[in-house]
Each structure stands twice: as structure tokens, then as C-alpha cells.
Ligand SMILES: NC(=O)c1ccc[n+]([C@@H]2O[C@H](COP(=O)([O-])OP(=O)(O)OC[C@H]3O[C@@H](n4cnc5c(N)ncnc54)[C@H](OP(=O)(O)O)[C@@H]3O)[C@@H](O)[C@H]2O)c1
């Protein structure tokens with residue numbers, strides 16, 4: 001595809017909480033950090049170029065978290081893109097900390113979430129965060145207490161919309177009794193369909209679904225993916241993204257990359273159209289794996 005024709009807008013838009021609309025191919029900024037999602041990126045100039053190019057390609061939704069780096073991803077976004085262009089939505093998260101490379105510790109206590117939101121506001125140079133996501137429920141904190149804290153921060157004008165991540169339908173239903181929920185972010189791809197029912201729930205209730213790790217893994221998935229990719233003259237990654245876009249109109253993929261070339265390929269997937277048969281073939285991958 002001609003690079004001038006690549007645009008995230010080709011995937012159409014998705015509503016966030018009925019208040020904001022963004023193009024349906026976003027960018028996940030977790031990979032703009034060092035090895036193990038720890039420390040600064042090896043190639044800072046390259047990371048800055050990826051962020052700038054994402055905006056040129058019509059990406060207007062960037063997903064990040066205070067724990068990416070920690071802080072590195074949020075800081076890099078602000079250093080590169082502030083003052084932000086009109087319409088750019090930055091979605092960040094809190095409640096899951098990163099004490100060292102490849103390590104995660106929970107803290108979704110009300111006191112920590114308050115500090116986390118203040119920290120993200122400061123690093124992102126914002127008065128109000130468009131989308132703030134609870135990164136993951138904390139097993140030793142009452143889930144309602146975490147959500148109630150985010151609801152309070154919303155009432156205080158520090159958060160515009162609230163999202164959840166790594167949750168079940170029960171979590172979403174409990175949260176929605178406390179405060180409107182705009183989005184859900186869970187691991188999901190054509191080959192990884194544990195959260196199919198949550199996607200359906202989100203579609204039914206008008207919530208955006210943000211799949212993370214959207215690239216399918218495994219041998220069977222690879223075989224099907226390569227076949228469909230060849231037919232379209234596309235890469236397997238592009239087909240994985242195209243499947244997501246086709247799966248539901250509330251799907252908002254956020255493929256992550258540290259490479260401008262990969263970014264361009266990922267956003268170009270917004271223009272791919274899978275046939276009904278290809279959609280079905282890819283959708284059947286989990287059953288194919290189970291039957292082998
Ligand atoms: N809520 C959560 O708990 C959670 C967890 C994980 C991630 N996330 C979010 O989801 C986003 C996406 O997830 P992810 O980064 O783990 O997974 P991903 O987007 O599925 O995959 C990223 C990996 O694929 C490679 N890649 C990307 N585009 C490619 C292309 N066109 N061709 C070949 N390789 C390509 C990247 O390497 P290169 O850098 O070399 O391109 C990177 O190693 C993250 O950035 C983050 O914002 C959220």
C-alpha cells in the first residue's frame with residue numbers, strides 16, 4: 001500500500017462512553033520502554049519517531065500506564081506530543097506496579113490509586129485524564145473500593161472516563177452499578193478467545209473493547225494466518241488486526257511496536273477487508289487447536 005494512503009480512520013470510529021470518538025486502530029505505548037518494560041528505550045530517537053508517525057497516520061488513541069518503565073512511557077508521550085493535538089485521547093492505567101524488570105505487584109488501594117492518578121496527571125501534563133483504567137483488580141482490595149475511588153476522582157474532575165482492564169463480566173457489572181464504564185481492556189485475539197463473552201457483553205452495552213496482545217500465537221494459528229495473509233498480500237500481523245476489526249464494531253486494537261515500519265504495517269491493516277469465509281476460518285482456530 002502507498003504510505004500516503006495509510007490511515008487509522010479507515011477502520012472507522014468507536015465511541016468512548018458516548019463522549020469521545022476515536023479511530024479504531026490505536027497505539028499501545030508499552031513497548032516504548034527498555035527490556036522487560038523497564039527503564040528508558042534503547043533507541044529514544046526511534047521511540048519518539050514512532051509516536052510522531054502514529055499521529056501522522058491518524059492514530060488518535062494512545063494506551064499507556066504508569067507502570068510502563070515505570071513512568072517512562074507516560075513521560076515520553078508528554079515530552080514528544082505535548083501540547084497535544086485536538087482529539088488525541090490518552091488512556092492510562094494504575095493499580096499494577098512495576099518494582100523491577102518483568103515484575104508486577106498489585107496495589108489498587110484507594111490511597112495508591114489517588115497518588116497514581118495525581119502522578120499520571122503530572123507526567124502527562126494534563127488537568128484531566130480522558131480515560132483512566134484500573135489496570136487489574138487487586139486480590140486483597142475490595143474491587144468496589146477501587147472503583148469507588150476512581151468514581152470520586154471523576155467527580156473531582158481529574159478523570160473524564162473510566163475503563164477497566166483484566167476483568168470478568170461480573171467485575172464490569174459491579175463497576176457499572178457504581179459509575180459508568182467506557183471501556184474494557186483484556187487479552188484477546190482470533191486465537192485467544194477466553195474473553196469472547198466479554199466482547200459480546202461490551203458490544204451489547206456500548207462499551208469499547210481494547211484487546212491487548214492482539215497477535216495470535218501457536219502453530220495452528222500461524223498456519224491459518226499465513227494462508228489468509230498470502231491471499232491478501234499482507235503480513236500475518238495485519239490479518240490478526242483485520243480480524244479484530246471485523247469481530248465487533250466496538251473493538252479498538254492497540255498494537256504495540258517500537259518500529260516505524262511495523263507501526264505503518266499495523267495501521268495499514270485498517271484498510272484490509274476479510275471475506276466471510278476468511279473471518280470464519282480464523283474464528284475457528286481455537287476449535288481447530290482443540291481437535292488436534
Ligand atoms: N492491560 C494490560 O494488562 C496490558 C498488558 C499488555 C499490554 N497492554 C497494552 O497492549 C498493547 C499491545 O500489547 P503488546 O505490546 O503486548 O502486544 P502486541 O501488540 O500484540 O505485540 C507487540 C510485539 O509484536 C511486535 N510487532 C508489532 N507489530 C509488528 C509487526 N507489524 N510485525 C512484526 N512484529 C510486530 C513488537 O515488536 P517490535 O517492537 O519489534 O515491532 C512486539 O514485540 C501494549 O503496548 C499495551 O499498551 C496491556
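What to note about this one:
- Applying the criterion of being touching a helix residue (DSSP H, G or I) at 6+ places or on another chain (Cβ under 9 Å) and in a strand (DSSP E or B) to the residues of the stretch 20-34, the residue that is farthest from the ligand (Cβ to nearest atom) is 23.
- When each of 101, 139 is tested for being in contact (Cβ under 8 Å) with a residue 60 or more places away in the chain, assigned to a loop (DSSP other than H, G, I, E, B) and either touching a strand residue (DSSP E or B) at 6+ places or on another chain (Cβ under 7 Å) or buried (at least 20 other Cβ atoms within 10 Å of the Cβ) (or both), the lone residue that passes is 101.
- Residues located in the stretch 3-14, provided they are part of a helix (DSSP H, G or I) and either crowded, with 23+ Cβ neighbours inside 10 Å or touching a residue at least 12 places away in the same chain (Cβ under 8 Å) (or both): 3, 5, 8, 9, 10, 11
- Checked against the criterion of being under 16 Å from residue 8 (Cβ atoms), surrounded by 16 or more Cβ atoms within 10 Å (Cβ to Cβ) and within 13 Å of the ligand (Cβ to nearest atom), the stretch 214-235 contains one or more residues that satisfy it.
- Within the stretch 194-291, helices (runs of 4 or more DSSP H) holding 2 or more residues that are within 19 Å of the chain's Cα centre (by Cα): 196-205, 236-247, 260-268
- Restricted to the stretch 237-257, and to residues there that are surrounded by 24 or more Cβ atoms within 10 Å (Cβ to Cβ) and free of Cβ contacts under 8 Å to residues at least 40 places away in the same chain, the residue that is farthest from the ligand (Cβ to nearest atom) is 242.
- Only one entry in 26, 17 is under 30 Å from residue 104 (Cα atoms) and surrounded by fewer than 23 Cβ atoms within 10 Å (Cβ to Cβ), namely 17.
- Looking across 179, 184, 198, one residue alone is within 11 Å of the ligand (Cβ to nearest atom) and either crowded, with 20+ Cβ neighbours inside 10 Å or free of Cβ contacts under 8 Å to residues at least 60 places away in the same chain (or both). It is 184.
- Which listed residue, of 163, 157, is at positive phi and not in a helix (DSSP H, G or I): 157
- Count of the stretch 258-282 residues, restricted to those that are near the ligand (Cβ under 8 Å from one of its atoms) and without any contact (Cβ under 8 Å) to a residue 40 or more places away in the chain, is 3.
- Hey, residue 53 at pLDDT 95 or above, out of contact with any strand residue (DSSP E or B) (no Cβ under 9 Å at 6 or more places or on another chain) and either in a strand (DSSP E or B) or surrounded by fewer than 17 Cβ atoms within 10 Å (Cβ to Cβ) (or both) or not: no
- Within the stretch 93-105, the set of residues being more than 12 Å from the ligand (Cβ to nearest atom) and within 18 Å of residue 143 (Cα to Cα) comprises 97, 105.
- Which numbered condition residue 147 misses (of (1) within 20 Å of the chain's Cα centre (by Cα); (2) within 15 Å of the ligand (Cβ to nearest atom); (3) over 23 Å from residue 86 (Cα atoms); (4) at pLDDT 95 or above): (2)
- Matching entry among 134, 153 (being in contact (Cβ under 8 Å) with a residue 24 or more places away in the chain, within 16 Å of the ligand (Cβ to nearest atom) and touching a strand residue (DSSP E or B) at 6+ places or on another chain (Cβ under 7 Å)): 134
- Of all residues making up the stretch 56-72, the number that are part of a helix (DSSP H, G or I) and touching a strand residue (DSSP E or B) at 6+ places or on another chain (Cβ under 9 Å): 1
- Flag for residue 189 being buried (at least 21 other Cβ atoms within 10 Å of the Cβ) and either modelled with pLDDT of 95 or more or more than 15 Å from the ligand (Cβ to nearest atom) (or both): no
The values are calculated or read from the model by the stated rules, or taken from the named source; none is laboratory data. In this text the structure is predicted, and so the values were computed from the model without any measurement. With ideal geometry, Cβ positions are generated from the backbone for all residues, glycine too; neighbour counts draw on all protein chains shown.
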